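Each remark here refers to the structure printed beneath this line.
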């Protein structure tokens, strides 16, 4: 086996990256032209559309970094807490509705000896 | 034979005879024949009223089972019922809520706001403040509406269902309705009717929708007053605005119609693909546009439910439609129960591809045309369509129609495209998906490199 050639290795590495970058840019371009007749349709159309959205997300991220205002992540605990609050409120409503039913039944019951 | 039974038999037979004459004794084209009969069935259902109005409404959301012509015709069904005098409803309200009306409401209008075959709606003012399940407190004096099941409705509807079952068991009717699973449809109908006769079911769905849409200030759902609720009575916040069916051009000019149409369509996608619960009866009378340009949902009579797995599959099927990828649409439709026999796969794929190119490519798209065309394609090929699948396709077509009422040039697929793409992209990052897919990705990459 020939000696390891770092120059050739990095050239191959750079070439692979260049190729991947070109393919990615082409995919983004195709995906960005999705409106109306621009979209070819078919199995690869989704990938192109997806890549176009990734490019938009990248642009948004760049803007955020430049402005120093990053999105605040949603705390999953807050979500869970809200869900529990809703379930408790639903239970409260169910109890209130049952109380109404009991009141309705009681209103119909004629007291004995009346 | 009861008087009602005789009326049903006579009306339906007369409709059948008129349909035969209108279709020139079967000498017209198949689609003209179906349209002629559909118009007669619709008129007969209007004449019969009661459960037949509800049955017609159910048919209108099931083009997969009953065909496009009949479903379209039943959309025009008119609920022509005379209002019940308030004096007959008052005892129902008081008996259901166990208190005199004067202690429950500061006032209640005797003239109804709306009348339908099952329930009647009256405007009222709350006598006590109420903290709803979600949202701000309704203060004393808050404007509400009281929905009341009309007296005798439950018994009348149940009698009609029994009559419809008896009628449907006749050999001639079976022959006329061949291709339709009559027993299953009537079973489903009876179950949905029972749900509708208990107004608390609708109240619980409204609460859940209010919770689901809590981060969205553009969507509003009426708050339910549970202390004033019972199976036959439901009190809820009053909504002001215009029903979409009544919205004039002048009123439309006052709102950002395009933004509202896009928002409404996106809200529906969120119901289907994020929350797994969707309003499956979204006709223009069930939607309000409020003066502050918000969308208010009303009447949660028909609601579709989806499991997380179904939601993922639906996103993929929709991506297949949006990106005109017939393979993707059929692959994930199979997971939803639309199984194409192996010997028909090639033909169905080709026909679906052609339909996608015709209706979803080249400029503007027409989902209604596509959706009903797709259901027709499946039916023609004898492929069973699960009820949830048919309901969803119809609901999407309806959402397109509703959005177009707000903004005629809206392209529903343009709205769906980023939504489904993001949904699928996000699911791609789930560890279980990565674990499932990585070996396939590796094998595919190596196969290409070593080919």
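The values are calculated or read from the model by the stated rules, or taken from the named source; none is laboratory data. Owing to the predicted nature of the structure, the values given are computational and were not obtained by experimental measurement. Neighbour counts run over all protein chains shown; Cβ positions are idealised from the backbone, glycine included.
Does the range B:21-38 contain at least one residue that is under 26 Å from residue B:187 (Cβ atoms), within 22 Å of the chain's Cα centre (by Cα) and not assigned by TED's automatic domain parsing to the domain that holds residue B:113?
Yes, some residue in the range B:21-38 is under 26 Å from residue B:187 (Cβ atoms), within 22 Å of the chain's Cα centre (by Cα) and not assigned by TED's automatic domain parsing to the domain that holds residue B:113.
Could you please find all residues in the range B:214-226 being farther than 18 Å from residue B:238 by Cβ and within 12 Å of chain A (Cβ to nearest Cβ)?
Correct list: B:214, B:215.
Select from the range B:349-370 the residues that are more than 14 Å from every other protein chain (Cβ to nearest Cβ), free of Cβ contacts under 8 Å to residues at least 40 places away in the same chain and under 20 Å from residue B:332 (Cβ atoms) and list them in ascending order.
Selection gives B:351 alone.
To keep it simple, each residue is scored yes or no on (1) loosely packed, with under 10 Cβ neighbours inside 10 Å; (2) in a helix (DSSP H, G or I); (3) at pLDDT 80 or above.
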site: A:42; (1), (2), (3): no, no, no
site: A:60; (1), (2), (3): no, yes, yes
site: A:69; (1), (2), (3): yes, no, no
site: A:73; (1), (2), (3): yes, no, no
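Which of the residues spanning the range B:2-58 are at positive phi, out of contact with any helix residue (DSSP H, G or I) (no Cβ under 7 Å at 6 or more places or on another chain) and not in a helix (DSSP H, G or I)?
Across the range B:2-58, the qualifying residue is only B:49.
Does residue B:175 satisfy the criteria of being assigned by TED's automatic domain parsing to the domain that holds residue B:232, part of a helix (DSSP H, G or I) and closer than 26 Å to residue B:390 by Cα?
When the stated conditions are applied, residue B:175 passes them.
Look at residue B:131 and say whether it is at pLDDT below 90 and surrounded by fewer than 18 Cβ atoms within 10 Å (Cβ to Cβ).
Against the criterion (at pLDDT below 90 and surrounded by fewer than 18 Cβ atoms within 10 Å (Cβ to Cβ)), residue B:131 does not qualify.
Going through the range B:91-125 one residue at a time, which ones are within 14 Å of chain A (Cβ to nearest Cβ) and under 31 Å from the mean Cα position of the chain (by Cα)?
B:92, B:93, B:96, B:97
Which of the numbered conditions does residue B:248 fail, given that it passes all the others? Conditions: (1) without any contact (Cβ under 8 Å) to a residue 24 or more places away in the chain; (2) more than 22 Å from residue B:386 (Cα to Cα); (3) surrounded by 21 or more Cβ atoms within 10 Å (Cβ to Cβ).
(3)
Considering each residue of the range B:190-202, count those that are assigned to a helix (DSSP H, G or I), within 18 Å of residue B:92 (Cα to Cα) and within 14 Å of another protein chain (Cβ to nearest Cβ), and give that number.
2
Before we move on, is residue B:335 within 14 Å of another protein chain (Cβ to nearest Cβ) and surrounded by fewer than 22 Cβ atoms within 10 Å (Cβ to Cβ)?
Judged against the criteria, residue B:335 is not a match.
Residues in the range B:121-128: is at least one in contact with a strand residue (DSSP E or B) (Cβ under 8 Å, 6 or more places away or on another chain), closer than 25 Å to residue B:52 by Cα and surrounded by 15 or more Cβ atoms within 10 Å (Cβ to Cβ)?
Yes, the range B:121-128 contains at least one residue that is in contact with a strand residue (DSSP E or B) (Cβ under 8 Å, 6 or more places away or on another chain), closer than 25 Å to residue B:52 by Cα and surrounded by 15 or more Cβ atoms within 10 Å (Cβ to Cβ).
Got at least one residue in the range B:372-384 being part of a helix (DSSP H, G or I), away from chain A (no Cβ under 14 Å), surrounded by fewer than 22 Cβ atoms within 10 Å (Cβ to Cβ) and out of contact with any helix residue (DSSP H, G or I) (no Cβ under 8 Å at 6 or more places or on another chain)?
Yes, the range B:372-384 contains at least one residue that is part of a helix (DSSP H, G or I), away from chain A (no Cβ under 14 Å), surrounded by fewer than 22 Cβ atoms within 10 Å (Cβ to Cβ) and out of contact with any helix residue (DSSP H, G or I) (no Cβ under 8 Å at 6 or more places or on another chain).
Please pick out the residue among A:89, A:35, A:104 that is at negative phi, within 9 Å of chain B (Cβ to nearest Cβ) and at pLDDT below 90.
Criteria check complete, one pass: A:35.
Is there a residue being in a loop (DSSP other than H, G, I, E, B), within 14 Å of chain A (Cβ to nearest Cβ) and in contact with a helix residue (DSSP H, G or I) (Cβ under 9 Å, 6 or more places away or on another chain) anywhere in the range B:61-69?
Within the range B:61-69 (the criterion being in a loop (DSSP other than H, G, I, E, B), within 14 Å of chain A (Cβ to nearest Cβ) and in contact with a helix residue (DSSP H, G or I) (Cβ under 9 Å, 6 or more places away or on another chain)), the answer is no, since none of the residues qualifies.
Can we say residue B:312 is closer than 27 Å to residue B:57 by Cα, in contact (Cβ under 8 Å) with a residue 24 or more places away in the chain and not assigned by TED's automatic domain parsing to the domain that holds residue B:195?
no
Applying the selection to the range B:391-408, what residues are under 15 Å from residue B:66 (Cβ atoms) and modelled with pLDDT of 80 or more?
B:393, B:397
Among the residues of the range B:292-307, count how many are over 20 Å from the mean Cα position of the chain (by Cα) and without any contact (Cβ under 8 Å) to a residue 40 or more places away in the chain.
Number satisfying all stated conditions: 1.
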